[in-house]
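A.B. asks: One structure follows; several queries about it will come next.
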Amino acid sequence: MRTRYFPIVPRWLLVVLCLAMGAFVLEALPESLQAANQDAPAPKAPEKKREPRAPKPADWMPEDYVKAATRAKEPRALVKDVRVEDPKLRQIRFKELELSVKDIPSPFLLLESPMVNTYENLYGPVKFMHSKHAASLDGNCALCHHASPQGADAAKERLSETVACRACHQESFDPQKPERVGLKAAYHQQCMECHTKMHKGPVDCAGCHSKNVPNHKDLVKLPADPTPMQVTQECLRCHQKAGEDMIESAHWLWKGPSPFTVEKSKRVMSGKATDTINNFCIALPSNWPRCTSCHAGYGWKDETFDFKDTSRIDCLSCHDTTGSYAKTPTAAGMPAPEVDLVHVAQNVGLSSRTTCGNCHFEGGGGDAVKHADMSGVLRWPERNCDIHMGGYDFSCSDCHRTQNHKIPGRSTSLPVAEGSRSCEDCHSQKPHYGDTMLDYHLNKHTDTVACNTCHSPVFSKCVATKTWWDWSEAGDKERKPVKDKYGMPDYNWQKGTFEWKESKKPSYAWYNGYMERLLIGDKMNHDVKGFKPDEHPSQAEKKNMPIINVTRPVGSFKDPSSRVYPFKVMDAIQPADAENNYLLVPHLYPVSPDDKTAYWKNLDWQKAFETGMKAVGLPYSGTYEWVRTNMYWGIHHEVAPKEMALSCVQCHDSLKGEKTCDRCHQDNRSVDFKKLAHKGTDFGFMLSRGRDVGDLVNSTDYIDFKALGYKGDPIVYGGRFTTLPLGQSAQAASGERGQ
């Protein structure tokens, strides 16, 4: 083999040669192209926009919150003299007066008196659950309301005994009553002292308050048209610790521990970034630029993304308060070009329903596609759509209280968990605070029935959600989509056929907090078969195929830790490897103009599967089939007001006849048992308001007791772990039911 030698060329000579070549090429171009090249204007930057993309409607009002805020600011005359009373005797007197939770006129209070913020305003108001606190103290009002005005007469007005805190405690150092602490001190002393003694409840500022964010207009120093990374670096100038916390969070990594996934609880790297698969857009790997448009970062366009680079954090996606921030849907998390980054950066604040919803409402590629209980409606919902957000004006972080950028809350669709949140965290294990027999029975129900089973009788009641997705029919560019009665399309050539449903009755299952999950590479049930690419079964035949559960709740009729829980069950047809017996990951989104394998560009499933499975490090046999899958999505939001919860008779059809509560209780002429049993969700009213619930009017046995393992209605046949009273047999009970 002959070695070839090249002469060493001086660097200056190379520069001259390059310049000469450039001049030669330019001279060789046609004159018209040369002129066009010289005269072409630079690309015009898009006009910056500052308007909110989903502005608050002029008539939107969170009714309960506004009432509470009005009450909080109402002036109260100072109570100058109070009754001198021994605390223990006071408690006894209140008990004899039968003052209790039922006397509370306002279960929700806002502690936002102007007197509290006389000197400084560093924290937001406290949303105080009055009834919940009273119930947790066994209705002992005297523990908090420790003094009554002198001359209060319970015989005339019972509530005169329990005046508001600000009736006695007002301005600090009041010369009229120098011995009394001011209102702010009274609140903190009373609340924190009680929490400390009980070893329960927050004792730090952030435990009760949200911290007010200072105005950033003079704090932020940015050039006129900064890059997104420059904005982040400016944020990190003051918030370096926040950046360090963020890159360890699940919202950044999209992976983490999965302690509530059976047989996989020791995995520490499960998540959307690694091994999670679903029956919507299926999986992230190989489709990064499209899927990561909802990532709280910039530029996650492939597997090489540097998760340690804090300059890639997108602070604005969570902390924008202008409503104008948005990401380009196909640009790996980069902001839309028209966003005024300086304006947004100067107006940062706490997260909101809008900032959280920009990603979570749009899961699956559009509004309300994935989640049964989250949609763009929740930005400004009606009270009947969601009592917490539409009534009390809760933000997401009011429940999902964040610490060090770790957000508690468990999804049934994803394995990662940074903590748990439940209704009982705020409402206690006995959430029905009255002392009637009905309250007693409802509180017994919470041992067996999850709160949302009754308080979310339908899901997606404000906008339709996707319930069926058939990938096997994708690829027909000639097929025209047809809109259903909700205005939603039944077809998309990229994705296949769809079905939608608004105000749908949930599916119910026993659930103890754990989930079974089919992750990427997990073997499917060998007995479950699909259909081949050249077969074309009807939709009815597809919906009768055996089911592979991508996610399924764990629980049992005989498991005391399991409760009846509501779910949206997503039904779909998706691809599987016919020989390797696992679900396939397709490469859908073209990552570059010369992408030869993306299905949405080339409509070739074989190439799409080869690339997608290579991205997850698994072999593809070359043979695929279409299988039917289900996913269980827990229903946690869209909580209806208490008056719209399911009634007794809607679940227990044994109560719809003449025999109701007096089946067990003595007939009491002062109580209308029949009316009590029927009090609850009025599907006829919902139907009149345009909700699609015609099939639910006059329904009973709502959750289908036999499907859950009961012999029938538990009122007649007994519960899971109890027998009927007085030795009553099921046969006798059945006979009584027929009377």
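A.B. asks: Normalise the Debye intensity by I(0) for the stretch 195-253, one equal point scatterer per Cα, no solvent, then take log10 at q = 0.17 Å⁻¹ and round to two decimals.
C.D. replies: Summing over Cα pairs of the stretch 195-253 leads to -0.82.
A.B. asks: Right, something else. Starting at 0 and stepping by 10 Å, how many percent of the alpha carbon pairs of the stretch 97-213 end up in each bin?
C.D. replies: P(r) for the stretch 97-213, in whole percents per bin: 12, 41, 36, 10, 1.
A.B. asks: Post the alpha-carbon centroid distance, the stretch 604-676 to the stretch 370-448, in whole angstrom.
C.D. replies: Rounded to whole Å, the Cα centres lie 16 Å apart.
A.B. asks: Heavy atoms only, probe 1.4 angstrom, no DNA, RNA or ligands counted: give me Lys56, Lys596, Lys132 ranked by accessible area, highest first.
C.D. replies: Lys596, Lys56, Lys132
A.B. asks: Put one equal scatterer on each alpha carbon of the stretch 245-401, apply the Debye formula with no solvent term, and list log10 I(q)/I(0) at q = 0.18 1/Å to two decimals.
C.D. replies: Here the Debye-derived log intensity ratios amount to -1.27.
A.B. asks: For the residue pair Asp218 and Ser265, what label-to-label distance in nm results when each label sits 7 Å from Cα along the Cα-to-beta-carbon direction?
C.D. replies: Between Asp218 and Ser265, the simple spin-label model gives 5.5 nm.
A.B. asks: Going by average Cβ density within 10 Å per residue, which order do the peptides 636-643, 90-97 take, highest to lowest?
C.D. replies: Final packing ranking: 636-643, 90-97.
A.B. asks: Under a point spin-label approximation (7 Å from Cα along Cα-to-Cβ), what is the Ala336-Met437 distance to one decimal in nm?
C.D. replies: 5.9
A.B. asks: If you wrap a convex hull around the Cα atoms of the chain, how much volume per residue is inside, in Å³?
C.D. replies: Spelled out: Cα convex hull of the chain, divided by residues, is 260 Å³.
A.B. asks: On to the next question. Put one equal scatterer on each alpha carbon of the stretch 184-321, apply the Debye formula with no solvent term, and list log10 I(q)/I(0) at q = 0.14, 0.16 1/Å to two decimals.
C.D. replies: -0.87, -0.98
A.B. asks: I'd like the projected area of the stretch 598-673, averaged over all directions, using the convex hull of its alpha carbons. Report it in nm² with one decimal.
C.D. replies: 11.4
A.B. asks: Testing the spin-label approximation: label points 7 Å from Cα along Cα→Cβ at Asp704 and Glu96. State their distance in nm.
C.D. replies: Simple spin-label model gives 5.7 nm for this pair.
A.B. asks: Could you please put Phe721, Phe705, Phe173 in sequence from largest to smallest accessible area, using a 1.4 Å probe?
C.D. replies: Per-residue accessible area, sorted high to low, gives Phe173, Phe721, Phe705.
A.B. asks: Solvent-accessible area of Ser507, probe 1.4 Å, all protein chains present, reported in Å² to the nearest ten, please.
C.D. replies: Counting only protein heavy atoms, Ser507 exposes about 50 Å² to solvent.
A.B. asks: Over the chain, what is the relative contact order in percent, taking alpha-carbon pairs closer than 8 angstrom and at least six residues apart?
C.D. replies: Computed value for the chain: 11 percent relative contact order.
A.B. asks: Let me ask something else. Give the Kirkwood hydrodynamic radius (Å, one decimal) of the stretch 114-181, defined as one over the mean of 1/r across all pairs of different Cα atoms.
C.D. replies: One over the average 1/r among Cα pairs gives 14.3 Å for the stretch 114-181.
A.B. asks: Let me ask something else. What is the percent of Cα-Cα separations in the stretch 532-614 that go past 17 Å?
C.D. replies: Summing the P(r) tail past 17 Å for the stretch 532-614 gives 65 percent.
A.B. asks: Taking 0.36 nm per intervening residue step and subtracting the Cα-Cα distance, what contour gain separates Lys56 from Val671 on full extension?
C.D. replies: That works out to 217.0 nm of additional length.
A.B. asks: Principal axis extents for the stretch 467-535, Cα atoms only, whole Å, descending order, please.
C.D. replies: For the stretch 467-535, the Cα spread along each principal axis is 44, 36, 19 Å.
A.B. asks: Taking the alpha-carbon set of the stretch 472-580, what are its Rg and Dmax in Å?
C.D. replies: In order Rg, Dmax, the Cα atoms of the stretch 472-580 give 17.1, 54 Å.
A.B. asks: Sticking with this structure for a sec: Taking 2.2 N^0.38 Å as the expected size of a compact globular protein, what ratio does the Cα radius of gyration of the stretch 40-80 give against it, to two decimals?
C.D. replies: 2.56
A.B. asks: What Kirkwood hydrodynamic radius do you get for the stretch 383-502 when you take the inverse of the mean 1/r over all pairs of distinct Cα atoms, in Å?
C.D. replies: 18.2
A.B. asks: Right, another one. Calculate how large, on average over all directions, the projected area of the Cα convex hull of the stretch 145-202 is; give the answer in nm² to one decimal.
C.D. replies: Spelled out: convex hull of the Cα atoms, projected over all directions, averaged, 4.9 nm².
A.B. asks: Can you pull the accessible area of Phe673 for me, 1.4 Å probe, Å² to the nearest 10?
C.D. replies: 30
A.B. asks: Provide the FRET efficiency to the nearest 0.05 for the Asp309-Arg158 pair, computing r from the beta carbons and using R0 = 56 Å.
C.D. replies: After rounding to 0.05, the efficiency reads 0.30.
A.B. asks: In the stretch 44-150, how does Rg compare with the Kirkwood Rh, expressed as the Rg/Rh ratio over alpha carbon atoms?
C.D. replies: Taking Rg over the Kirkwood Rh, I get 1.19.
A.B. asks: Another question, if that's okay. Among residues other than Pro546 whose Cβ falls under 13 Å from its Cβ, what is the net charge (Lys/Arg +1, Asp/Glu -1)?
C.D. replies: 0
A.B. asks: Please report Rg (one decimal) and Dmax (integer) in Å for the Cα set of the stretch 285-354.
C.D. replies: 12.2, 36
A.B. asks: Using only the Cα atoms of the stretch 434-508, what are the Rg and Dmax in Å?
C.D. replies: That works out to 19.5, 64 Å for Rg and Dmax.
A.B. asks: Give me the Kirkwood hydrodynamic radius of the stretch 359-447, using the inverse of the mean 1/r over all pairs of distinct Cα atoms, in Å to one decimal.
C.D. replies: Over the stretch 359-447, the inverse of the mean reciprocal pair distance is 15.3 Å.
A.B. asks: So, one more: Between Ser538 and Ala45, what is 0.36 nm times their sequence separation minus the Cα-Cα distance? Round to one decimal in nm.
C.D. replies: 172.4 nm
A.B. asks: While we're on this one: Return the ratio Rg/(2.2 N^0.38 Å) for the stretch 102-148, where Rg is computed over Cα atoms only.
C.D. replies: 1.37
A.B. asks: Another one. Compute, for Asp701, the solvent-accessible surface of its heavy atoms (probe 1.4 Å) with the complete set of protein chains present, and express it in square angstrom to the nearest 10.
C.D. replies: 50
A.B. asks: If I take the Cα coordinates of the stretch 622-715 and project them onto the principal axes, what are the three extents in Å, biggest first?
C.D. replies: Its Cα atoms span 74, 36, 23 Å along the three principal axes.
A.B. asks: May I ask you to list the lysines whose Cα is less than 23 Å away from that of Lys308, ignoring any residue fewer than eight positions away on the same chain?
C.D. replies: Within the straight-line cut-off, Lys308 pairs with Lys241, Lys255, Lys272, Lys327, Lys406.
A.B. asks: Is any residue of the stretch 290-309 close enough, with backbone N under 20 Å, to a label point placed 7 angstrom from the Cα of Thr227 along the Cα-Cβ axis, and if so, which?
C.D. replies: Answer for the stretch 290-309: 293, 295-309.
A.B. asks: State the percentage of accessible surface on the chain attributable to carbon and sulfur atoms; use a 1.4 Å probe and exclude ligands, DNA and RNA.
C.D. replies: Carbon plus sulfur share of accessible area: 56 percent.
The values are calculated or read from the model by the stated rules, or taken from the named source; none is laboratory data. Everything quoted here is computed from the prediction, not taken from an experiment. When we count neighbours, we look across all protein chains shown, and the Cβ atoms used for this are built from the backbone with ideal geometry, even at glycine. Note: areas computed on protein heavy atoms with side chains; ligands, DNA, RNA excluded. Shrake-Rupley method; radii C 1.70, N 1.55, O 1.52, S 1.80 Å.
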